[in-house]
Amino acid sequence: MWRSWGKSTVRIRNTSSSPSSSSSPSSPFSCSSFKDIQSLCLDEQPQPSSCRVATVFHRVRVANSLIKTWSAQQQHQPKPTKSDDAVSDPPTRTLTVQTDIPPTPPPPPPVNIPGAEQRVVVYYTSLRVVRSTFEDCRSVRLILRGFRVKMDERDVSMDVGYMRELKSILEEKKVTLPRVFIGGRYIGGAEEVRQLNEIGELKKIVEGLPAADSGACDVCGGYRFILCEECNGSRKMYTEKSGFKICTACNENGLIRCPSCCCSLW
(Lines give C-alpha, C1' and ligand atoms only; values in the text may rest on other atoms or scores of the structure.)
Protein backbone atom coordinates (compact mmCIF):
# COMPACT_ATOMS: atom_id res chain seq x y z
CA MET A 1 0.00 0.00 0.00
CA TRP A 2 2.85 2.37 0.81
CA ARG A 3 5.71 2.89 -1.63
CA SER A 4 9.14 1.66 -0.55
CA TRP A 5 11.63 4.40 0.13
CA GLY A 6 14.33 2.82 -1.94
CA LYS A 7 12.36 2.53 -5.24
CA SER A 8 10.55 5.86 -5.09
CA THR A 9 11.11 8.09 -8.12
CA VAL A 10 9.47 11.15 -6.58
CA ARG A 11 11.59 14.18 -6.41
CA ILE A 12 10.96 16.96 -3.90
CA ARG A 13 11.07 20.24 -5.70
CA ASN A 14 12.44 23.27 -3.92
CA THR A 15 10.15 26.17 -4.59
CA SER A 16 11.77 28.48 -2.06
CA SER A 17 13.22 31.66 -3.43
CA SER A 18 15.63 32.25 -0.56
CA PRO A 19 19.19 31.00 -0.99
CA SER A 20 19.36 29.86 2.57
CA SER A 21 16.64 27.31 2.16
CA SER A 22 18.09 25.92 -1.07
CA SER A 23 21.52 25.45 0.46
CA SER A 24 20.32 23.44 3.43
CA PRO A 25 20.19 19.76 2.52
CA SER A 26 18.48 18.70 5.69
CA SER A 27 15.18 20.48 4.96
CA PRO A 28 12.99 18.29 2.70
CA PHE A 29 10.23 20.92 2.18
CA SER A 30 10.41 24.55 1.24
CA CYS A 31 8.07 25.64 3.93
CA SER A 32 6.30 24.34 6.94
CA SER A 33 2.93 24.31 5.13
CA PHE A 34 1.71 21.20 3.23
CA LYS A 35 -0.46 23.07 0.70
CA ASP A 36 1.84 22.18 -2.21
CA ILE A 37 2.41 18.57 -1.23
CA GLN A 38 0.44 17.22 -4.25
CA SER A 39 2.38 19.31 -6.76
CA LEU A 40 5.66 18.36 -5.12
CA CYS A 41 4.99 14.63 -5.20
CA LEU A 42 3.95 14.42 -8.88
CA ASP A 43 6.02 12.15 -11.13
CA GLU A 44 8.00 13.84 -13.81
CA GLN A 45 6.43 13.61 -17.31
CA PRO A 46 8.59 11.73 -19.80
CA GLN A 47 9.98 14.01 -22.48
CA PRO A 48 9.26 12.88 -26.06
CA SER A 49 12.31 11.74 -27.88
CA SER A 50 13.58 13.72 -30.83
CA CYS A 51 14.14 10.53 -32.80
CA ARG A 52 10.39 9.68 -32.87
CA VAL A 53 9.51 13.19 -34.05
CA ALA A 54 12.03 12.94 -36.82
CA THR A 55 10.61 9.59 -37.94
CA VAL A 56 7.08 11.00 -38.30
CA PHE A 57 8.24 13.98 -40.37
CA HIS A 58 10.29 11.65 -42.56
CA ARG A 59 7.18 9.58 -43.38
CA VAL A 60 5.21 12.68 -44.29
CA ARG A 61 7.92 13.86 -46.67
CA VAL A 62 8.11 10.44 -48.35
CA ALA A 63 4.31 10.31 -48.84
CA ASN A 64 4.25 13.80 -50.40
CA SER A 65 7.01 12.91 -52.81
CA LEU A 66 5.22 9.73 -53.90
CA ILE A 67 1.99 11.64 -54.54
CA LYS A 68 3.79 14.24 -56.67
CA THR A 69 5.53 11.52 -58.70
CA TRP A 70 2.26 9.65 -59.38
CA SER A 71 0.40 12.80 -60.46
CA ALA A 72 3.25 13.72 -62.86
CA GLN A 73 3.10 10.27 -64.48
CA GLN A 74 -0.66 10.58 -64.97
CA GLN A 75 -0.28 13.92 -66.75
CA HIS A 76 2.39 12.63 -69.19
CA GLN A 77 0.50 9.39 -69.97
CA PRO A 78 -1.25 9.59 -73.43
CA LYS A 79 -5.05 9.42 -73.48
CA PRO A 80 -6.68 6.43 -75.25
CA THR A 81 -8.20 7.20 -78.66
CA LYS A 82 -11.45 5.92 -80.11
CA SER A 83 -9.66 3.33 -82.21
CA ASP A 84 -7.94 1.95 -79.13
CA ASP A 85 -11.27 1.70 -77.35
CA ALA A 86 -12.76 -0.13 -80.28
CA VAL A 87 -9.91 -2.62 -80.31
CA SER A 88 -9.72 -3.13 -76.59
CA ASP A 89 -13.42 -3.16 -75.80
CA PRO A 90 -15.44 -5.04 -78.43
CA PRO A 91 -19.05 -3.89 -78.78
CA THR A 92 -21.48 -5.74 -76.59
CA ARG A 93 -24.24 -7.57 -78.41
CA THR A 94 -27.71 -7.56 -76.98
CA LEU A 95 -29.50 -10.87 -77.14
CA THR A 96 -33.07 -10.46 -78.27
CA VAL A 97 -35.41 -13.31 -77.51
CA GLN A 98 -38.29 -13.55 -79.91
CA THR A 99 -41.32 -15.07 -78.32
CA ASP A 100 -43.98 -16.66 -80.43
CA ILE A 101 -46.90 -14.28 -80.09
CA PRO A 102 -50.09 -15.97 -81.19
CA PRO A 103 -51.95 -14.05 -83.86
CA THR A 104 -55.06 -12.22 -82.80
CA PRO A 105 -58.16 -14.20 -83.66
CA PRO A 106 -60.39 -12.65 -86.30
CA PRO A 107 -63.60 -11.05 -85.12
CA PRO A 108 -66.63 -13.34 -85.09
CA PRO A 109 -68.83 -13.11 -88.15
CA PRO A 110 -71.99 -11.02 -87.80
CA VAL A 111 -75.15 -12.86 -86.79
CA ASN A 112 -77.98 -12.53 -89.25
CA ILE A 113 -81.54 -13.81 -89.44
CA PRO A 114 -82.54 -14.92 -92.91
CA GLY A 115 -85.83 -13.49 -94.12
CA ALA A 116 -85.92 -10.63 -91.56
CA GLU A 117 -84.25 -7.88 -93.61
CA GLN A 118 -87.37 -5.66 -93.66
CA ARG A 119 -88.34 -5.62 -89.99
CA VAL A 120 -87.19 -5.51 -86.39
CA VAL A 121 -87.20 -8.80 -84.49
CA VAL A 122 -87.32 -8.70 -80.68
CA TYR A 123 -87.06 -11.74 -78.43
CA TYR A 124 -88.49 -10.90 -75.02
CA THR A 125 -90.59 -12.25 -72.14
CA SER A 126 -93.83 -10.96 -70.68
CA LEU A 127 -93.44 -12.83 -67.37
CA ARG A 128 -92.63 -10.85 -64.25
CA VAL A 129 -90.70 -13.64 -62.55
CA VAL A 130 -87.41 -11.73 -62.80
CA ARG A 131 -88.19 -8.05 -62.38
CA SER A 132 -84.97 -6.72 -63.95
CA THR A 133 -85.44 -8.87 -67.06
CA PHE A 134 -89.07 -7.78 -67.39
CA GLU A 135 -88.12 -4.10 -67.07
CA ASP A 136 -85.38 -4.43 -69.69
CA CYS A 137 -87.76 -6.12 -72.14
CA ARG A 138 -90.41 -3.49 -71.63
CA SER A 139 -88.00 -0.55 -72.04
CA VAL A 140 -86.52 -1.98 -75.23
CA ARG A 141 -89.96 -2.54 -76.77
CA LEU A 142 -91.00 1.02 -75.92
CA ILE A 143 -87.84 2.44 -77.53
CA LEU A 144 -88.30 0.45 -80.72
CA ARG A 145 -92.01 1.16 -80.95
CA GLY A 146 -91.23 4.87 -80.88
CA PHE A 147 -89.71 4.65 -84.37
CA ARG A 148 -92.98 3.24 -85.79
CA VAL A 149 -91.35 0.60 -87.98
CA LYS A 150 -92.47 -2.94 -88.67
CA MET A 151 -91.71 -5.16 -85.66
CA ASP A 152 -91.87 -8.87 -84.97
CA GLU A 153 -92.14 -9.32 -81.19
CA ARG A 154 -91.51 -12.89 -80.11
CA ASP A 155 -92.52 -13.72 -76.56
CA VAL A 156 -90.58 -16.76 -75.33
CA SER A 157 -93.01 -17.20 -72.43
CA MET A 158 -95.83 -17.85 -74.88
CA ASP A 159 -93.90 -20.31 -77.02
CA VAL A 160 -90.74 -22.16 -75.97
CA GLY A 161 -89.92 -22.61 -79.65
CA TYR A 162 -88.78 -19.00 -79.78
CA MET A 163 -86.10 -19.72 -77.20
CA ARG A 164 -84.86 -22.70 -79.19
CA GLU A 165 -84.71 -20.53 -82.29
CA LEU A 166 -82.70 -17.84 -80.45
CA LYS A 167 -80.20 -20.33 -79.05
CA SER A 168 -79.65 -21.86 -82.46
CA ILE A 169 -79.09 -18.44 -84.05
CA LEU A 170 -76.65 -17.18 -81.40
CA GLU A 171 -75.11 -20.62 -80.83
CA GLU A 172 -75.27 -20.15 -77.07
CA LYS A 173 -76.58 -22.45 -74.37
CA LYS A 174 -77.64 -19.71 -71.96
CA VAL A 175 -79.31 -16.65 -73.44
CA THR A 176 -80.46 -13.54 -71.60
CA LEU A 177 -83.35 -11.38 -72.71
CA PRO A 178 -84.10 -9.20 -74.54
CA ARG A 179 -82.28 -9.72 -77.85
CA VAL A 180 -82.78 -7.42 -80.81
CA PHE A 181 -82.24 -7.93 -84.55
CA ILE A 182 -82.67 -5.00 -86.95
CA GLY A 183 -82.78 -5.62 -90.69
CA GLY A 184 -81.73 -9.22 -90.11
CA ARG A 185 -78.53 -8.13 -88.26
CA TYR A 186 -77.92 -8.79 -84.58
CA ILE A 187 -77.73 -5.59 -82.50
CA GLY A 188 -77.51 -6.82 -78.89
CA GLY A 189 -79.40 -6.63 -75.63
CA ALA A 190 -81.00 -3.90 -73.58
CA GLU A 191 -77.77 -2.05 -72.79
CA GLU A 192 -76.67 -1.88 -76.42
CA VAL A 193 -80.07 -0.61 -77.55
CA ARG A 194 -80.08 2.11 -74.87
CA GLN A 195 -76.59 3.30 -75.79
CA LEU A 196 -77.40 3.42 -79.51
CA ASN A 197 -80.57 5.32 -78.79
CA GLU A 198 -78.79 7.90 -76.61
CA ILE A 199 -76.14 8.72 -79.22
CA GLY A 200 -78.65 8.77 -82.09
CA GLU A 201 -77.28 5.76 -83.97
CA LEU A 202 -80.37 3.63 -83.49
CA LYS A 203 -82.45 6.03 -85.57
CA LYS A 204 -79.95 5.72 -88.44
CA ILE A 205 -80.07 1.93 -88.27
CA VAL A 206 -83.86 1.68 -88.51
CA GLU A 207 -84.07 4.15 -91.37
CA GLY A 208 -85.34 2.56 -94.56
CA LEU A 209 -87.45 -0.10 -92.83
CA PRO A 210 -91.16 -0.24 -93.77
CA ALA A 211 -93.58 1.55 -91.47
CA ALA A 212 -95.65 -0.35 -88.94
CA ASP A 213 -99.30 -1.18 -89.56
CA SER A 214 -101.73 1.37 -88.23
CA GLY A 215 -104.12 -1.02 -86.50
CA ALA A 216 -104.03 -4.31 -84.61
CA CYS A 217 -104.30 -7.66 -86.35
CA ASP A 218 -107.88 -8.67 -87.15
CA VAL A 219 -107.19 -12.37 -86.43
CA CYS A 220 -105.32 -12.30 -83.08
CA GLY A 221 -106.03 -8.75 -81.91
CA GLY A 222 -102.32 -8.04 -81.55
CA TYR A 223 -101.56 -11.00 -79.27
CA ARG A 224 -99.83 -12.88 -82.10
CA PHE A 225 -101.26 -16.21 -80.93
CA ILE A 226 -104.61 -17.92 -81.33
CA LEU A 227 -106.16 -21.10 -79.91
CA CYS A 228 -105.36 -24.34 -81.60
CA GLU A 229 -108.19 -25.42 -83.90
CA GLU A 230 -107.38 -29.12 -83.42
CA CYS A 231 -107.63 -29.31 -79.61
CA ASN A 232 -109.12 -25.91 -78.76
CA GLY A 233 -106.26 -25.24 -76.40
CA SER A 234 -106.67 -28.42 -74.34
CA ARG A 235 -103.51 -30.07 -75.70
CA LYS A 236 -105.45 -33.36 -75.98
CA MET A 237 -107.15 -35.09 -78.89
CA TYR A 238 -109.52 -38.05 -78.93
CA THR A 239 -109.69 -40.71 -81.64
CA GLU A 240 -111.69 -43.93 -81.75
CA LYS A 241 -108.62 -46.05 -82.48
CA SER A 242 -106.12 -44.76 -79.92
CA GLY A 243 -108.29 -42.73 -77.56
CA PHE A 244 -106.75 -39.56 -76.09
CA LYS A 245 -103.40 -38.31 -77.31
CA ILE A 246 -101.37 -35.12 -77.08
CA CYS A 247 -101.95 -32.54 -79.79
CA THR A 248 -98.90 -31.96 -81.96
CA ALA A 249 -100.21 -28.90 -83.78
CA CYS A 250 -99.93 -26.42 -80.90
CA ASN A 251 -97.31 -25.48 -78.37
CA GLU A 252 -97.13 -26.27 -74.65
CA ASN A 253 -99.80 -23.63 -73.96
CA GLY A 254 -102.31 -24.91 -76.52
CA LEU A 255 -101.64 -21.95 -78.82
CA ILE A 256 -100.49 -21.54 -82.38
CA ARG A 257 -98.84 -18.53 -83.96
CA CYS A 258 -101.11 -16.15 -85.77
CA PRO A 259 -100.88 -16.89 -89.50
CA SER A 260 -101.70 -13.28 -90.33
CA CYS A 261 -99.14 -11.24 -88.36
CA CYS A 262 -96.61 -13.67 -86.89
CA CYS A 263 -93.74 -14.65 -89.19
CA SER A 264 -91.69 -17.76 -88.61
CA LEU A 265 -87.98 -17.96 -89.23
CA TRP A 266 -88.01 -21.27 -91.01
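The values are calculated or read from the model by the stated rules, or taken from the named source; none is laboratory data. Being a predicted model, the structure only gives us computed values, none of them experimental. All Cβ positions, glycine included, derive from the backbone under ideal geometry; neighbour counts span all protein chains shown. The accessibility values were calculated without ligands, DNA or RNA, using every heavy atom of the protein model including side chains. Shrake-Rupley method; radii C 1.70, N 1.55, O 1.52, S 1.80 Å.
For A212, the residues 5 or more places off, or on other chains, whose built amide H falls under 5 Å of its own are V149, K150. I want the local charge near S214. Using Cβ-Cβ distances under 15 Å, sum +1 for each Lys or Arg and -1 for each Asp or Glu among the other residues. It works out to a net charge of +1.
In whole angstrom, the stretch 128-197 maps to an equivalent ellipsoid with semi-axes of 18, 15, 12, each derived as √(5λ) from the alpha carbon gyration tensor and ordered largest first. Around the amide H of C247, modelled in the peptide plane, lie the amide H atoms of K236, M237, all under 5 Å away and 5 or more residues distant in sequence or on another chain.
Shown are D159, D213, D136, whose ranking by accessible area with a 1.4 Å probe and every protein chain present, most to least, is D213, D136, D159.
Neighbours of M237, meaning other residues whose beta-carbon lies under 11 angstrom from its beta-carbon, give a summed charge of +2 when Lys and Arg score +1 and Asp and Glu score -1.
Our coupling estimate for the stretch 117-133, obtained by passing each phi through the Karplus curve with A = 6.51, B = -1.76, C = 1.60 and θ = phi - 60°, is 6, 10, 7, 9, 10, 10, 9, 8, 9, 9, 7, 9, 5, 9, 5, 5, 5 Hz, Gly and Pro reported as x.
Looking at the stretch 166-266, the pairs of alpha carbons with a distance over 15 Å make up 75% of the total.
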